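A short write-up of the structure that comes next.
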Amino acid sequence: MTDNYTGNVKPGGPADVRTLGGLTITKVAVDEQMSNNAYLLRCCDTGDQVLVDAAAEPTTLLPLVGDAGLTAVVTTHQHWDHHRALADVVAATGAQVVAGEPDADAITEQTGVPVDRRVTDGDTVAVGSCELEVIRVTGHTPGSICLLYRDPDGPPHLFTGDSLFPGGVGNTFGDNDAFATLIDDVETKIFDALPDDTWFYPGHGDDSTLGAERPHLAEWRARGW
C-alpha cells in the first residue's frame with residue numbers, strides 16, 4: 001500500500017484514490033447537505049468494479065465508473081441518503097443490486113429498484129478476483145451491512161456505512177435497545193474480530209482505524225450513543 005491517500009473528501013471536490021496490491025479504492029463525497037461518501041472499488045487484475053452506496057449525484061458517480069461499467073452496487077443500509085442515485089446508476093450500468101436482507105424491501109420501496117441479491121453474515125461480494133466479506137451489523141437499521149476486504153499484502157479494509165464512525169457508532173435515534181444491539185455487534189463482529197491496523201471507511205466524513213477507536217469503546221457504551 002503505497003499512496004498519499006487521506007480519505008478527506010468534500011462534496012464538489014476531487015475524489016481520493018488508494019491503490020492496494022489487488023484493489024483500487026476511490027472515495028468521493030456527494031451532496032452538500034448530507035456529505036455522503038461513495039466508494040468505487042476496482043479489481044486490479046480484471047478491471048471489474050463495484051460501487052458501495054450510490055448515495056447521490058449520478059453526474060458525479062458515473063464519470064468515475066467510466067467505460068469499465070459496474071458488476072454490482074452495494075447499498076449499506078436503507079436510509080434515503082444512501083441510495084438516491086441507485087436508480088440512475090443501475091439504469092446506466094445494468095449492475096446487480098446488493099443489500100442486507102432486512103433492509104432490501106425498504107430500499108426497493110424507496111427507489112423502485114429491485115434488490116437482486118440479499119446478503120447477510122458470511123456472504124461474499126466479488127470484485128473481480130477480490131472478495132468482500134459481508135458483516136451484518138444491526139442497530140442503525142435492521143439490515144445494515146459492512147464489507148470487509150482482507151488485503152493479502154497489508155491490513156484489512158472495512159466499509160462500515162453508518163454503523164461505525166470515528167468517535168462512535170451510528171445513530172440509533174434514542175432507541176436504547178437498538179443502541180445495545182449496535183454496540184454489541186460492532187464490538188464482537190468488528191473490534192473483537194479484526195486487528196488495530198484495520199482501516200475503516202464510513203458513510204460520511206473521514207476514515208479511521210480500529211486501533212484509534214478501540215480505547216473509546218467503553219466510553220461509547222457508557223454514554224449510550
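Since every read-out is calculated from the coordinates, none of them should be taken as a lab result. On a predicted model such as this, the values are computed, not experimentally measured, just so you know. Neighbour counts run over all protein chains shown; Cβ positions are idealised from the backbone, glycine included.
For this structure, a couple of remarks:
- Its Cα gyration tensor gives the chain an equivalent ellipsoid, and the semi-axes of that ellipsoid, as √(5λ) in whole Å with the largest first, are 25, 20, 16.
- Nearest-20 debye value, the chain charge dipole, Cβ charges on Lys, Arg, Asp, Glu: 180 debye
- Listed residues Y149, Y201, Y39, most fluctuating in the chain (Gaussian network, C-alpha, under 10 Å): Y149
- When each of the peptides 86-93, 59-66 is scored by how many other beta carbons lie within 10 Å of its residues on average, the order from highest to lowest is 86-93, 59-66.
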